[in-house]
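The values are calculated or read from the model by the stated rules, or taken from the named source; none is laboratory data. Computed from a predicted structure; not experimentally measured. Using ideal geometry, Cβ is built from the backbone for each residue, glycine included, and neighbour counts are taken over all protein chains shown. To get the accessible areas, we keep the full protein, side chains included, count just its heavy atoms, and leave off ligands, DNA and RNA. Shrake-Rupley method; radii C 1.70, N 1.55, O 1.52, S 1.80 Å.
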Protein chains: 2
Amino acid sequence: MNATALADLSADDLAALLEEQRAAYDDLKARGLKLDLTRGKPSSQQLDLADDLLRLPTSTKDASGTDVRNYGGLQGLQELREMFAELLWVDADQVVAGGNSSLSMMRDCLVWMMLFGAVDSERPWGREEKVRFVCPVPGYDRHFTLLESLGIEMLTVPMREDGPDAEAVAALVADDPSIKGMWIVPTYANPTGAICSQEVAARLAAMPTAAPDFKIFWDNAYALHHLTADEAKSADILTLASAAGHPDRPIMFASTSKISYAGAGVAFIAASAGNVSWYLAHLGTGSIGPDKVNQLRHAEFFGSAQGVRDHMVKHREIIAPKFAEVDRVLSERLGGRGVATWNTPTGGYFVNLDVVPGTASRVVALAKEAGIALTPAGSSFPYKRDPDDTNIRLAPTMPPLEEVTAAMEGVATCVLLAAAEKAAAA
Amino acid sequence: MNATALADLSADDLAALLEEQRAAYDDLKARGLKLDLTRGKPSSQQLDLADDLLRLPTSTKDASGTDVRNYGGLQGLQELREMFAELLWVDADQVVAGGNSSLSMMRDCLVWMMLFGAVDSERPWGREEKVRFVCPVPGYDRHFTLLESLGIEMLTVPMREDGPDAEAVAALVADDPSIKGMWIVPTYANPTGAICSQEVAARLAAMPTAAPDFKIFWDNAYALHHLTADEAKSADILTLASAAGHPDRPIMFASTSKISYAGAGVAFIAASAGNVSWYLAHLGTGSIGPDKVNQLRHAEFFGSAQGVRDHMVKHREIIAPKFAEVDRVLSERLGGRGVATWNTPTGGYFVNLDVVPGTASRVVALAKEAGIALTPAGSSFPYKRDPDDTNIRLAPTMPPLEEVTAAMEGVATCVLLAAAEKAAAA
């Protein structure tokens, strides 16, 4: 990189840069783009990979001979649970296969804990004076929205490269019984791409908590979503927690949303025997069973756990070049400027871009005006408040590669312009 | 019928009858039957009618060009909503198409009312000192279980041939603000087969309620499930309520569970604009959209509202003979005996059998010992308590016709034996 950091520019050079970026931004606007990097959605090309689903299942009976078209089977199809148990390193008995949304399973767990209490609660969480959760930041906006909707207060801890700051978490939960749980996306975190290490996972599993019914919502949404051949293995949180004497602490969530079809996949929870019984007992009052036809459809489509892994390689071949392109454009345009840092994730669906503090909202607004939709600044923080106004989540999977290039060129212009504006005003 | 009522038999004749039935029951047990009339499940033959679903959809885009495989579309597929709006006599905007279970949609509504309040509530129902519901009896056991799980108290009113006893309901709700709602299966009720008349519906829609946020949970599970060519038209509860100045009072539920696949259909709610907005707002915190592939699969399969109606005729051809057989066996075996009354439903999934008061549990136990599974006595009442121990729900759709015959012959023996036992002991 031979560009000069903005902080090192003379006033004249800074003024020149500002003019240059204003001109570049006017050009950008004139192009009348309509690009979208907002959400972690798979592209059509990725969805096409699973189109054999449209002609499945070929059978209407599961391996045990049960008619999948009829009611029943609350825990989900045995053969699909076995397949994903292998992928998630748990036992099939620990897995519940549900509908098309792991987010809905998270909501159900939270709602039932509020209304009825967790399996190890003294009373419903809703009867506590206050309920709080620890939220590593930046994190997943929908996790935070769920908590906010239920009136659960959020305390933040930093997300690091090896997962949440475990010491900070441990310090918070040790003395405060109102802290009932925490979120974590352990593998290829949304949005930082962080991978929770075995050590951090072990610490979270073993740490003393003032609340006897503390829960780790272990959202393993990207467990299998590798971007390189160096495939991260998620920490085995259920075993770690069980070994530490807290078998009911973690509840794992996963789904095929970004494996098969985003809107028509199968979601899973994996947890202790106690948690599974608890979940099924509450599930059963409002459900006569999941869509077993779709579960059999998926079991036939993948064939085996290895079939799922093989399928993920095809996804990688489609999306890894998009992530590489994000990195290339940011490096070429912003490298050395001292205006942004970003990660190069080895999996997952996001690039985490940190711009000059105080300019993230401005960057997103500039991009929007130029026809490039970005996730609103602050979205990766509870209550949508990024205290430093620095964080932007980029989701490059859905647009075609050439649109990723165009969008990222535009984003780079906006980042530079906002940084130059701020430096000039200082 | 030339049989003599038990009450008119001499002591000797009664003793002879008791012996005769004991012998018949021993013969029944000796047959080693394994028959099941417990739940309203469609038969394999009915499920086969929808097997073209296994090769659908042929497209992956809906009518608006949206890729159904991806996330989004919280309210559900427009063309499927239009189709079922026509069938339910509402507007497509009033319909939400969801997952595979209308029961889950009912649960969600109740849970959100408890946690957040209904659209017209002053506060969450969970913050009220007490919440009660009016439950017409006999009714649907899962409705009652849902309420019980949420700590909602149940008050019963009689179910009549034209629907719930509207005067009794009106009297209850007029002065008691803790009564927040009521259940009703308006068309071919579970289990009595009753059809709620326009007059009763209008009364329920218009009656003054002490609770400003009173809700009618209008579970139209069998709206299209006719057993004769004389097809009942459900009362238009949304219009009636709107005309009476209570647009937000009713929430209608329906599904294709007993139209396409019991476990893999599509469920719907239909309600006022206010209720739909309320529902979607809460739904959206925990869902990124329903399984639109399955919704498109259904839209393609049925083609139109008329396609659904035509499909239901095929169901009728399969199940009407089973209902006729129930009536034939009961009439031949029990007619004139004064030991039972039952209905001959013109739609739905159940026959409601009332036996000699105090003997329903005995009949179910006798049947069970003889290998005939019946829904537990009392199931159609809140807290599973039938005050008269008289009611038994028969569900004849699932077994093949010859098994319906065998099961009903056995049931008739058990009813007679229990009645004779009771009369002899008197």
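Quick notes
- FRET efficiency, 1/(1 + (r/R0)^6) with R0 35 Å, evaluated for A:Lys368 and B:Thr239 via beta carbons: 0.25
- The ratio of the alpha-carbon radius of gyration of chain B to the globular-protein estimate 2.2 N^0.38 Å is 1.04.
- Using a Gaussian network model of chain B in which every pair of alpha carbons under 10 angstrom is joined by a spring, one finds that among B:Gly76, B:Gly347, B:Gly126 the greatest mean-square fluctuation is at B:Gly126.
- The stretch A:197-267 shape via C-alpha gyration tensor axes, a/c threshold 1.5: oblate
- The charge dipole of the stretch A:61-303, taken about its Cα centre with unit charges on the Cβ atoms of Lys, Arg (+1), Asp and Glu (-1) only, comes to about 560 debye.
- Under 5 Å between amide hydrogens, built in the peptide plane, is the criterion, and for A:Leu35 it picks out A:Ile372, A:Ala373 among residues at least 5 positions away or on other chains.
- Euclidean distance of C-alpha centroids, the stretch A:265-332 and the stretch B:1-63, integer Å: 41
- Acute angle (nearest 10 degrees) that the helix B:401-425 long axis makes with the longest principal axis of chain B, alpha-carbon atoms: 60
- Shape category assigned to the stretch B:288-426 from the gyration tensor of Cα positions, a/c cut at 1.5: prolate
- Residue-wise HN-Hα couplings along the stretch A:66-82, as the Karplus relation 6.51 cos²θ - 1.76 cosθ + 1.60 with θ = phi - 60° gives them from phi, are 6, 6, 6, 6, 8, 5, x, x, 3, 7, x, 4, 3, 5, 6, 5, 4 Hz; Gly and Pro carry x.
- Every helix of 4 or more DSSP H residues in chain A counts as -39500 (n - 2.57), and over all residues that averages to -13000 deg cm²/dmol at 222 nm.
- Teacher prompt: A:Gly274 distances to equivalent labels in other copies, 7 Å Cα→Cβ, nm: 4.5
- Our note on the geometry: Cα centres of the stretch B:214-255 and the stretch A:171-202, 48 Å apart.
- Integer Hz, Karplus 6.51/-1.76/1.60 couplings in order for the stretch B:260-268, x for Gly and Pro: 9, 10, 4, x, 9, x, 10, 9, 9
- A:Ser255 long-range amide H proximity, modeled H, under 5 Å: A:Phe268
- Starting from the label point of B:Arg127 at 7 Å along Cα→Cβ, the same points in the other copies fall at 1.9 nm, in ascending order.
- B:Asp93 versus A:Arg127: modelled label distance in nm, points set 7 Å from Cα along the beta carbon direction: 4.4
- Nearest-ten-degree value, helix A:166-175 long axis tilted from longest Cα axis of chain A: 60
- Where labels lie 7 Å past Cα in the beta-carbon direction, separation of B:Lys314 and A:Ala425 in nm: 6.6
- For the residue pairs A:Lys41/A:Lys368; A:Lys29/A:Lys368; A:Lys34/A:Lys368; A:Lys180/A:Lys258; B:Lys258/B:Lys292; A:Lys215/A:Lys258, the alpha carbons lie more than 21 Å apart in A:Lys180/A:Lys258; A:Lys215/A:Lys258.
- The value for the protein assembly as shown of Rg(Cα) / (2.2 N^0.38 Å) is 1.06.
- For the residues B:Ile152, B:Ile259, B:Ile288, a GNM of chain B with alpha-carbon springs under 10 Å puts the largest fluctuation on B:Ile288.
- With the simple spin-label model, which puts each label point 7 Å out from Cα in the Cβ direction, the B:Lys29 to A:Ala281 separation comes to 3.6 nm.
- Simple point charges give the picture: +1 on the Cβ of Lys and Arg, -1 on the Cβ of Asp and Glu, and for the protein assembly as shown a dipole about the Cα centre of about 140 debye.
- ³J(HN,Hα), Karplus 6.51/-1.76/1.60, whole Hz, each residue of the stretch A:269-280, x for Gly, Pro: 10, 9, 6, 4, 4, x, 5, 5, 4, 4, 4, 5
- Sequence of A:Arg142, B:Arg328 from largest to smallest accessible area, 1.4 Å probe: B:Arg328, A:Arg142
- Shielding by partners, peptide A:67-77 (average Cβ within 10 angstrom, other chains): 5
- Euclidean distance between Cα centres, the stretch A:374-399 to the stretch B:394-409, Å: 60
- Overall size of the stretch B:61-303 from C-alpha positions, given as principal axis extents largest first: 52, 45, 32 Å.
- For B:Leu417, solvent-accessible area (1.4 Å; no DNA, RNA or ligand), Å²: 10
- For the residues of B:287-300, the average number of beta carbons from a partner chain within 10 Å of their own beta carbon is 5.
- Largest-first ordering by accessible area, 1.4 Å probe, given options A:Leu334, A:Leu240: A:Leu240, A:Leu334
- The amide H of A:Val137, built 1.01 Å from its N in the peptide plane, has A:Val157, A:Met159 as neighbours under 5 Å, considering only residues 5 or more places off or on other chains.
- With at most 15 neighbouring Cβ atoms within 10 Å, loop GluC sites (Glu not before Pro) (DSSP) excluded, longest segment of chain A: A:162-426
- Taking the Cα centre of the stretch B:100-244 as origin and assigning +1 to Lys and Arg Cβ atoms and -1 to Asp and Glu Cβ atoms, the resulting dipole is close to 320 debye.
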